[in-house]
Every structure is written in structure tokens, then in C-alpha cells.
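Okay, structure first, notes after.
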Amino acid sequence: MANTPQAKKRIRRNQRRAEINGARVGRIRTFVKKVEAALAAGDKSTAATALQQAQPELARGVAKGVLHRNTASRKFARLTKAVSALA
């Protein structure tokens, strides 16, 4: 258990940051799922639009530190490849 005032403050701060970061990751997942749903439906125009909306969300996640740069890059590359593969 935290004994010092600094340690108690860190616990409070970490809880607040965990909520914020969890919301950020959830928002990113929502945008990625929109792309995946459009891909599953076979709708290229909707998938392309959803991909354009997901890309800045992934970049924002990297900037805020909730996603690793390579993870976001990999996700975007795979989604882009899948969207372009739709005929």
C-alpha cells in the first residue's frame, strides 16, 4: 500500500490516465472495426472512406502514446492492402 503522499498521488494519477488511455484505444478499435465491417460486406467505397477516417485515429494513438508506432503502421498497411484488394 502506498505510504508517501507522492505514491498516493501517483495511484490517483495512474487511474485517471488508465481511463483516458482506455477510451483512446477503444476509439481506435471502433474506427478499425468500421473498416473491417465494410471489408466483410465487400463494399469498397465504404471501406475506403472508413480507412481514411481510421488513419488519423491510428496516428493520434501513436502521438498520445497508447499505440506503438510499428503496431499502428502494421494495422494501417494491412487494412490498406485489404481495401485495395477488393474488386
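Please treat every number below as a calculation from the coordinates, not as lab data. All values derive from a computational prediction rather than experimental measurement. Please note: Cβ atoms are built from the backbone with ideal geometry, for glycine as well, and neighbour counts cover all protein chains shown.
Listed values, structure above:
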{"item": "Formal net charge of residues neighbouring ALA63 (Cβ-Cβ distance under 13 Å; K, R +1; D, E -1)", "result": "+3"}
{"item": "Partner lysines for LYS81 [C-alpha distance under 25 Å; skip if fewer than 8 residues away on the same chain]", "result": "LYS33, LYS34, LYS44"}
{"item": "Cα gyration tensor category, rounded, prolate or oblate, for segment 45-87 with a/c compared to 1.5", "result": "oblate"}
{"item": "Fluctuation leader among ALA50, ALA72, ALA23 - the chain, Gaussian network, Cα springs under 10 angstrom", "result": "ALA23"}
{"item": "Cα→Cβ-extended label distance, 7 Å offset, between LEU86 and THR4, nm", "result": "5.4"}
{"item": "FRET efficiency, 1/(1 + (r/R0)^6) with R0 41 Å, evaluated for ASN21 and ASP43 via beta carbons", "result": "0.80"}
{"item": "Cα centre as origin, Lys/Arg/Asp/Glu Cβ charges: the chain dipole, Debye", "result": "640"}
{"item": "For Rg and Dmax of the Cα atoms in Å, calculated from these coordinates, the label among (i) 17.4, 62; (ii) 23.3, 77; (iii) 12.4, 38", "result": "(i)"}
